[in-house]
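The values are calculated or read from the model by the stated rules, or taken from the named source; none is laboratory data. These numbers come from a predicted model, not from an experiment. Counting neighbours? That spans all protein chains shown, and the Cβs are built from the backbone with ideal geometry, glycine included.
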């Protein structure tokens with residue numbers, strides 16, 4: 001497996017905003033995590049902007065912006081290739097599946113699926129399920 005370059009993590013880890021894995025929502029401190037999201041610094045007429053477009057997009061922390069930028073700079077390639085950037089892309093995808101499986105408590109990284117966006121994922125899942133349905137089936 002190809003070696004993936006790493007940049008140092010930001011000084012204030014996102015985990016500082018909660019008191020541990022599985023912590024109750026009441027333990028979440030938004031003031032600790034808000035600075036990690038550059039888009040949330042935006043103001044209009046001197047007041048903070050409210051983002052009410054959840055289905056249209058999600059504001060991401062700087063570490064996500066940095067990771068995506070690093071991917072495009074260093075290893076943007078199709079998966080499954082027998083060349084360095086493809087191997088790096090595959091390694092990054094594998095690491096992401098493992099990390100998300102751990103975060104969500106999935107039995108296996110193979111249970112984790114990534115896609116373009118939630119709308120596309122839901123559409124594809126519904127088409128897959130729909131292809132198996134017969135007249136009289138109940139959902």
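Condition first: on the phi < 0 side of the Ramachandran plot, in contact with a helix residue (DSSP H, G or I) (Cβ under 9 Å, 6 or more places away or on another chain) and either assigned to a helix (DSSP H, G or I) or without any contact (Cβ under 8 Å) to a residue 24 or more places away in the chain (or both). Can you find one or more residues in region 119-137 that meet it?
From region 119-137, those on the phi < 0 side of the Ramachandran plot are 119-135, 137; that's our starting set.
Remaining after also requiring in contact with a helix residue (DSSP H, G or I) (Cβ under 9 Å, 6 or more places away or on another chain): 119.
With the extra rule that they be either assigned to a helix (DSSP H, G or I) or without any contact (Cβ under 8 Å) to a residue 24 or more places away in the chain (or both), the set shrinks to 119.
Yes, some residue in region 119-137 is on the phi < 0 side of the Ramachandran plot, in contact with a helix residue (DSSP H, G or I) (Cβ under 9 Å, 6 or more places away or on another chain) and either assigned to a helix (DSSP H, G or I) or without any contact (Cβ under 8 Å) to a residue 24 or more places away in the chain (or both).
Does at least one position in region 44-55 carry a residue that is modelled with pLDDT of 90 or more, surrounded by 14 or more Cβ atoms within 10 Å (Cβ to Cβ) and either more than 23 Å from residue 116 (Cα to Cα) or within 20 Å of the chain's Cα centre (by Cα) (or both)?
Step one: list which residues in region 44-55 are modelled with pLDDT of 90 or more, which gives 44-47.
Still in the list and also surrounded by 14 or more Cβ atoms within 10 Å (Cβ to Cβ): none.
No, region 44-55 has no match at all.
Of everything in region 58-91 that's closer than 30 Å to residue 32 by Cβ, without any contact (Cβ under 8 Å) to a residue 24 or more places away in the chain and out of contact with any helix residue (DSSP H, G or I) (no Cβ under 8 Å at 6 or more places or on another chain), which residue is surrounded by the most Cβ atoms within 10 Å (Cβ to Cβ)?
Ranking the candidates gives 67 first.
Looking at region 24-31, is at least one residue closer than 23 Å to residue 118 by Cα, surrounded by 11 or more Cβ atoms within 10 Å (Cβ to Cβ) and either out of contact with any helix residue (DSSP H, G or I) (no Cβ under 6 Å at 6 or more places or on another chain) or at pLDDT 90 or above (or both)? I'd like the intermediate steps shown before the answer.
We begin by selecting, within region 24-31, every residue closer than 23 Å to residue 118 by Cα; these are none.
No; the residues of region 24-31 include none that is closer than 23 Å to residue 118 by Cα, surrounded by 11 or more Cβ atoms within 10 Å (Cβ to Cβ) and either out of contact with any helix residue (DSSP H, G or I) (no Cβ under 6 Å at 6 or more places or on another chain) or at pLDDT 90 or above (or both).
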